[in-house]
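Nothing in this text is a laboratory measurement; each read-out follows from the coordinates by a stated rule. As the structure is a computational prediction, the values presented were derived from the model and not from experiment. Positions of Cβ are backbone-derived with ideal geometry, glycine not excepted, and every protein chain shown enters the neighbour counts.
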Amino acid sequence: MTDGILLVEPFYGGSHRQLIDLLQAHFTESVKVTMTAKKWHWRARTSALHLSQEIPYSDNYRVLFASSVLNLAELVALRPDLSRLKKILYFHENQLVYPVQKTLQRDFQFPYNQILSCLVADKVVFNSQFNMDSFLSSINTVLKMTPDYRPKGLPEKIRPKCQVLYFPLDLPPRGKFKQITTDRQRETLTSTEECISDEKIVTSLCEKSDDSALKDDICDKHVPVCSIGEREPPDKTLHPPDAKRQKTRPLHIVWAHRWEHDKDPETFFSALFQLQEAGLDFRVSVMGEQFTDNPEIFSVARERLSSNIVAWGYQEKKEDFYKILSEADVAVSTALHEFFGVSMLEAVYFGCYPLCPNRLVYPEIFPKTYLYNTPVQLMKKLKRMCTVPDETRRHTIQVPIERYLWQNCAEDFYSLFKVKAA
């Protein structure tokens, strides 16, 4: 190994894992040292000591790449041999603006660790402009929590090291999954309890129908695909449709975020409960990683929405996650703490209409069309979508997803590591 890259991740899960695995796949000279994605508070407090004992000694290391969960200052102090490396700190999020439920003095340690890590790092990389700006502008505010001897000039010292590199998405071809990303934008031909999937039957209807408008409506469309949410196998016995029997499949809503309070699941489920109380039909998939203690609202929602659920819980296989996204119609975020939003962009890639709060990183990535200002606006948008789901399916999403794909970000990472692209 002549150009060794040391990849260190104390919280090896979710987007943290995605990035480390992606970098290791493309930088074959790299060495990966990780810890499981559990109890991030303890990872932030104690991971440096464990990792200092686990990282192999080598004269070939040239670059150290770690996420901001790690206290880089502690690691370098414990492993002086690593101090000579180019030390890159990557911020998936920052703790300086974390929405704590109850302010505790001990929580000061998390943002303080990140400030120290930046002072030790040679390069500080953020996954969005919002992440970088909110971090730098909050340093002095955080340090005011100290009773005296407050350091000065830290934002000015850290800023020259900083740059923004959007999180790179490494996604499979859309065609690998059900061909629904374009079909979903067309009216789906179903009856109240039926999902038509036999092309010969549809063709026969086209030939036999005396209604020219109906023939055009049916024959010009792709054969519809059954929703993943169907509870029973589709009935292959098709009766000639009429205006009373035709019904569009229900809107399929996705919420794919960590099951923690900073993603504000209460607001999301409150909107769904209101849709349910209004008698509107919809389907919902609630995914995302779960940890030791999940907010109580998830248990309540699972019971109240049982007849609407398509998928519930973390999808261990990415293929299953992508398949559900490809069959859904709209992806919702209610986050109170978000600096990029990988799952929302993954949903967009697979054809979901995004609905995001008009705050945090979202205005940086999503046009105003996809932003809402209040929970009431979110509920009204979802109500409209449930009422006229085909309007959502026909919409052409105006999000420049290509800019976030690995093939368009790779050169920036090669430059960061000072390695020529293969």
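Going by how many other Cβ atoms sit within 10 Å of their own, how do D170, D148 line up, fewest first?
D148, D170
Can you compute the charge dipole magnitude of the stretch 248-404 about its Cα centre, using +1 on each Lys and Arg Cβ and -1 on each Asp and Glu Cβ, nothing else charged? Give it in debye, rounded to the nearest 20.
580
Indicate the gyration tensor shape class of the stretch 248-404 (rounded, prolate or oblate), computed on the Cα atoms with a ≥ b ≥ c the square roots of the eigenvalues: a/c under 1.5 is rounded; otherwise a/b larger than b/c is prolate and the rest oblate.
Cα axes put the stretch 248-404 in the rounded bin.
Only counting other Cβ atoms within 10 Å, I'd like Y90, Y166 sorted with the fewest neighbours first.
Y166, Y90
Step through the residues of the stretch 46-63 one at a time and calculate ³J(HN,Hα) from phi using the Karplus curve (6.51 cos²θ - 1.76 cosθ + 1.60, θ = phi - 60°), rounding each to whole Hz and writing x for Gly and Pro.
Per-residue couplings from phi come out as 10, 5, 4, 5, 4, 5, 4, 8, 8, 5, x, 6, 7, 8, 8, 4, 10, 10 Hz.
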